């Protein structure tokens, strides 16, 4: 296989595995607090920061 294609396939597999693991770990808990909440809070915080950067709210003007 082409080395570049192999690299993309490996990275895609790693990301898919991480996403599947996260979904499987959180599937049983639902909205109840669990060990992955800090990670989820950081992801949401990063999303909010990016949204605020591109679409500043009137609070920052």
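We did not get these values from a lab; they are worked out from the coordinates using the rules stated. Everything numeric here is computed off the predicted structure, so don't read it as measured data. Heads up, the Cβs are rebuilt from the backbone with ideal geometry, glycines too, and the neighbour counts pull from every protein chain shown.
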Checklist outcome for this item: Every listed condition ((1) touching a helix residue (DSSP H, G or I) at 6+ places or on another chain (Cβ under 7 Å); (2) exposed (fewer than 10 other Cβ atoms within 10 Å of the Cβ)) holds for residue 36 save (2)
Checklist entry - Just a yes or no: is a residue in segment 1-10 assigned to a helix (DSSP H, G or I) and within 17 Å of the chain's Cα centre (by Cα)? => result no
